[in-house]
Amino acid sequence: MFALSIAFKQAVVMAAGGVGLVAIAVFLAKRQLITVRYALGWSAIGLTVIVGSLLGSLVPRLGRVAGMTPTAVLLALAVIILVMISIQLSISVSGLQRQIRDLVEQLALSDANRDGVRNGRRK
Amino acid sequence: MKGRRDTLVVVPAYNEEPSVADVVSAIRKQGWDVLVIDDGSHDGTSRAARGAGAVVATHATNLGVGGALRTGFKYAVTHGYSRVVQCDADGQHRSELIDYLVSQAVNSNADLVIGSRFLADVEGSMIVAPHRRMAMRWLSWVLLRKTGVRVHDTTSGFKCVSEPLLSEFAESFPAHFLGDTFESCFVAARNGYLVIEVPVVMDERAHGFTSASSSKSVQYIVRSVAAAAFGLTFRIRPKSSTHETAAQ
C-alpha cells in the first residue's frame, strides 16, 4: 500500500513536470525566445513524460527489471535525457560558431577586396 | 629583394591603434604588400592601418589570431600570392627581417619558416616570462617526440608560410586559442611539410600588454598536449597528396 502511494506520488510529480515543460516551451516560443523547432522538441519530451506518468506501473516495472528503485529509474532517465540534449546543443552551438566564423571571414574578405581595388593594388 | 611580388605580409591586429601605422609604414617601406586583419578592434586600428597604406580586412567580431590568419591566408591564395609572412602589429617583429625569413624559405624550400627569439644570440632581444618559457620547453619536447622536428620557439608569431601549405592553411587553419602556434607546427610537420626554425631578434611590445598569463600557459599546454596525444588537431592534406593534385 505504501509502495503504491509512492508510485502514485511519483506519477503525479512526473505528470506535473511534463505539463510544466510543455507550458514553458509554448510560452518561450510565443515570446520568440526559442524557435519552434526547439519548442517542439521540448514539448515532445514533456508529452512523453505525461504519457509515462499515465502508465502508472511502467516505472516500478522498469525498476524491477533493472534492479533499481523507481526513484532511481526516474533519476537515471532524467539524467540520460538531459545529457543527450546537452550533447545535441553542443553540436548545434559548434555549428553556429563555424557559421559565424565563415560569415565574419567572408565579410572581411569583401572589405579587403574593396580596399585593394580602391588602392589599385589588386594582383 | 626576394619574392616581393609573390609575398603578402599579413598583420593580425586587435586594438593596436597606437602601433599599427608605424608597423605598416615600415613594412611598406621595404616594398612588401601588406594586409592588416582588424580582428574586431574597438579602437581606430582599421583607420590607422588604412591611413598608413595597408589593405584592411575588418572582422565584425573578434575571432582570435588563428581566425585572423585564416582570413589572411584566404586573401593571399585568392589573389595569387604563393607566400605569406605573419607579422605582429605591436612592433615586436622587425620589418627588415621579413626579407631574411623569405630568403630562408626560398633557399631551403621550407613550407614553414619560424622566426625564433631563442636561437638569436643577440643583446636586446625580448625577454620571455619564465612560465611562458617553461610552457614552450614542454611543447618543444612534445613536438620533437611526436614529429622529430625541433622548434624552440613554439609560440612565435613571426613566420613564413609557403605553397602548398598556404592553401591547406587557408582551408582549415584553427581559430581556437593559440591553435595558430604549436598546433600549426605540429600539423605541418606531421603531414610531411618542411618546418625549419631560424634565429631572429624580437623587440618588446611598443604599446599595450601581452595576452599571455600563467593560467593561459597552463591551459595552452593541456590543450596542445591533449590535441597532439588524441589526434584532436585540425586536418590538412599530406604534402605528398598536394603534389599529386598539382601533377594532375
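Just so it is clear, none of the values below were taken in a lab; they were calculated from the coordinates. Keep in mind that this is a model prediction, so the values were computed, not measured. We place every Cβ from the backbone using ideal geometry, glycine too, and count neighbours over all the protein chains shown.
The residue among B:Val55, B:Leu139, B:Thr45 whose Cα reaches farthest toward the positive pole of the charge dipole of segment B:1-152, with charges on the beta-carbon of Lys, Arg, Asp and Glu, is B:Leu139. At each listed q (0.22 Å⁻¹), what is the log10 of I(q)/I(0) that the Debye formula gives for chain A modelled as equal alpha-carbon point scatterers? Debye curve over Cα of chain A, log10 I(q)/I(0) at q = 0.22 Å⁻¹: -1.21. Under a Gaussian network description of chain B, with springs only between Cα atoms under 10 Å, the residue in B:Ser41, B:Ser184, B:Ser172 that fluctuates furthest is B:Ser172. Mean residue ellipticity, 222 nm, helices only, chain A: the sum of -39500 (n - 2.57) across DSSP H runs of n ≥ 4, divided by residue count and rounded to 500, is -31000 deg cm²/dmol. Exposure proxy shown here: for B:Val161, B:Val106, B:Val55, the number of other Cβ atoms within 10 Å sets the order, fewest to most, as B:Val106, B:Val55, B:Val161.
Whole-Hz Karplus values for segment B:164-176 come out as x, 4, 4, 5, 5, 5, 4, 7, 9, 4, x, 9, 6 Hz, taken residue by residue from phi with 6.51 cos²θ - 1.76 cosθ + 1.60 and θ = phi - 60°; glycine and proline positions read x.
Extension gain for A:Ile91-A:Ala44 works out to 14.9 nm (0.36 nm per residue, less the C-alpha to C-alpha distance). Only helices reaching 24 angstrom along their own axis (Cα) with mean Kyte-Doolittle hydropathy no lower than 0.5 count here, and for the DSSP H runs of chain A these are A:2-30, A:36-54, A:70-119.
Rounded to the nearest 0.05, the FRET efficiency derived from the C-beta distance between A:Asn113 and A:Ala78 at R0 = 51 Å is 0.45.
As a proxy for reagent exposure, B:Glu96, B:Glu16, B:Glu183, B:Glu163 were ordered by neighbouring Cβ count within 10 angstrom, fewest first; the result is B:Glu96, B:Glu163, B:Glu183, B:Glu16. Here the simple spin-label model places points 7 Å from the Cα toward Cβ, and for B:Asn62 and A:Val51 these points are separated by 4.8 nm.
Counting only Cβ charges, +1 for Lys and Arg and -1 for Asp and Glu, the dipole size of the protein assembly as shown around its Cα centre is about 1140 debye. Ranked by how many other Cβ atoms sit within 10 Å of their own Cβ, fewest first, the residues B:Val20, A:Val65, B:Val218, B:Val187 fall in the order A:Val65, B:Val218, B:Val187, B:Val20.
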